[in-house]
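The values are calculated or read from the model by the stated rules, or taken from the named source; none is laboratory data. This structure is a prediction, so every number in the text was calculated from the model and none was measured. Cβ atoms come from the backbone with ideal geometry, glycine included; neighbour counts cover every protein chain shown. Each accessible area value is taken on the protein alone, full model and side chains, heavy atoms only, with ligands, DNA and RNA left out. Shrake-Rupley method; radii C 1.70, N 1.55, O 1.52, S 1.80 Å.
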Amino acid sequence: MKFNTKTIHGGQHNVDPAYGSVMPPIYQTSTYSQTTPGGHKGFEYSRSGNPTRAALESNLASIENGEYGLAFGSGLAAIDAVIKLLNPGDEVISTNDLYGGSYRLFTKIFEGFGIKFHFVGMSNAANIENFINDKTKLIWVETPTNPMMNIIDIKAAASIAKKHNVLLAVDNTFATPYLQTPLDLGADIVMHSATKYLGGHSDVVMGALIVKDQELAKKLYFIQNASGAICGPQDSFLVLRGIKTLHIRMQRHCENGKVIAKYLASNPKIEKVYWPGFEDHPNHDIAKEQMKDFGGMISFVTKGNNYNDAIKIVEKLKVFTLAESLGGVESLAGHPASMTHASIPKEEREKTGVVDSLIRLSVGIEDAFDLIEDLKQAIG
Ligand SMILES: *Cc1c(COP(=O)(O)O)cnc(C)c1O
């Protein structure tokens, strides 16, 4: 089955054996009747499993070319479950230019439990190997990175992981399986904030993990059930519905992203535009190889790098909404230094390029003309 068919039908056989409804029913129930102890129809308690969540989970597995999908109450809950595979003393090598909430979870929660994190520039994937020792258990990759749009070579990271018998997890939130499928490139775990492109309509907070290996799936399922950070049936339904249009939304996000990246690059008030589709992007060749297109996430810096200039621009935008998050049908603008990355110390964030005037756009699927007019009036 091709991707555009999988988004709609993947894992969706026999979703309603009772009446044949085309959409999976929302099983808004915490428990299931049993005829005799243990005599149930596959579900006994909704933390352990729920048919609406199960329909979503098998769809997630299908679109990422995995075997097992697991849905969580948020992206961070999904990451939390991955780190719980580890033990005190274990080490993780993570991308340095990282979603702020992931950095906070790693450093403020899990370092306290004795897990050590190395934050490493991975634009040259060979750099990962310098940090590997016999305590290393996991490599955590985000690509494209947030918000600097660095591209990390997943295949190269996977071959290092295999060589040292270490797990490779890829946060695929920005790219989505429309653009890249990390399991096909050798990753062991794919993670999503389904809050973003998978849900696609800015109305749900959810996370997901997808794996191929049965043993790994069993361990993650054990954590999902034992720690309990699951999502509810209503939200499962909404994300399943969102995924049905993922491919056509992504196509438009990419088209609009290209037009806007080019417009920004031509504006004399802009110093630099970060978007992997530009030929002079340092890892453009890897982006071209591992991604189908370049996505709708763009960051830029204004000339003079003045904090207040950036604040004025995001305040003036009218079609773009000033808001955290990304990946919805509507265009959003954010100021990482004061918003998504405020939890990373200034010194740390500036090392990776998150300077005072950096603005991040999540380009939506509106008409590109209106988006450009909006940017013109805000930037001047
Ligand atoms: C939003 C986001 C997360 C966290 O997901 P939540 O659903 O907000 O918990 C993780 N990684 C990336 C890249 C994100 O954009």
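Details
- In this structure, TYR307 and GLU373 have a Cβ-Cβ separation that, at R0 = 30 Å, corresponds to a calculated FRET efficiency of about 0.70.
- Straight-line cross-link partners of LYS316 among the lysines, defined as a Cα under 16 Å from its Cα and at least 8 positions apart when in the same chain: LYS269, LYS376.
- Cβ-derived FRET efficiency at R0 30 Å, ASN14 paired with TYR45, nearest 0.05: 0.85
- A straight chain from GLU366 to GLU289 at 0.36 nm per residue would run longer than the Cα-Cα distance by 24.9 nm.
- Ignoring lysines fewer than eight residues from LYS196 along the same chain, the ones with Cα atoms less than 17 angstrom from its Cα are LYS244.
- Under 5 Å, built H, 5+ apart or other chain: amide partners of THR340: HIS335
- Total formal charge among the other residues, if their Cβ is under 10 angstrom from that of GLY200, Lys/Arg +1 and Asp/Glu -1: +3
- At full extension, ASN4 and GLN251 could sit 87.8 nm farther apart than now, given 0.36 nm per residue minus the alpha carbon distance.
- Ordering of 270-279, 230-239 by burial proxy (mean other Cβ atoms within 10 Å per residue, highest first): 230-239, 270-279
- Close amide-amide hydrogen proximity is noted between ILE270 and LYS303, each under 5 Å apart and 5 or more residues distant or on a separate chain (H modeled in the peptide plane; Pro and chain starts excluded).
- Per residue, the chain exposes 43 Å² of solvent-accessible protein surface, assessed with a 1.4 angstrom probe and all protein chains in place.
- The value for the chain of Rg(Cα) / (2.2 N^0.38 Å) is 0.99.
- Projection of the Cα convex hull of the stretch 231-380, averaged over all directions and equal to a quarter of that hull's surface, yields 10.1 nm².
- Computed in the context of the full set of protein chains, the accessible area of the chain at 1.4 Å probe radius has 52% of its extent on carbon or sulfur.
- A cut-off of 5 Å between modelled amide H atoms, ignoring neighbours fewer than 5 places along the same chain, links HIS118 with VAL92, ILE93, SER94.
- When each of the peptides 191-197, 366-372 is scored by the mean number of other C-beta atoms lying within 10 Å of its residues, the order from highest to lowest reads 191-197, 366-372.
- Extension gain for ASP280 to SER33 (0.36 nm times residue separation, less C-alpha to C-alpha distance): 82.8 nm.
- Mean-position separation - Cα centroids, the stretch 111-167 and the stretch 347-375, in angstrom: 26 Å
- Scalar couplings 3J(HN,Hα) for the stretch 226-238, obtained by applying the Karplus form with A = 6.51, B = -1.76, C = 1.60 to θ = phi - 60°, are 6, 8, x, 7, 7, 9, x, x, 5, 5, 4, 4, 5 Hz; x denotes Gly and Pro.
- Over the stretch 141-206, equivalent-ellipsoid semi-axes from the Cα gyration tensor in Å: 23, 12, 9
- Here r is the Cβ-Cβ distance between LYS351 and ASN225 and R0 is 45 Å; the resulting FRET efficiency, rounded to 0.05, is 0.70.
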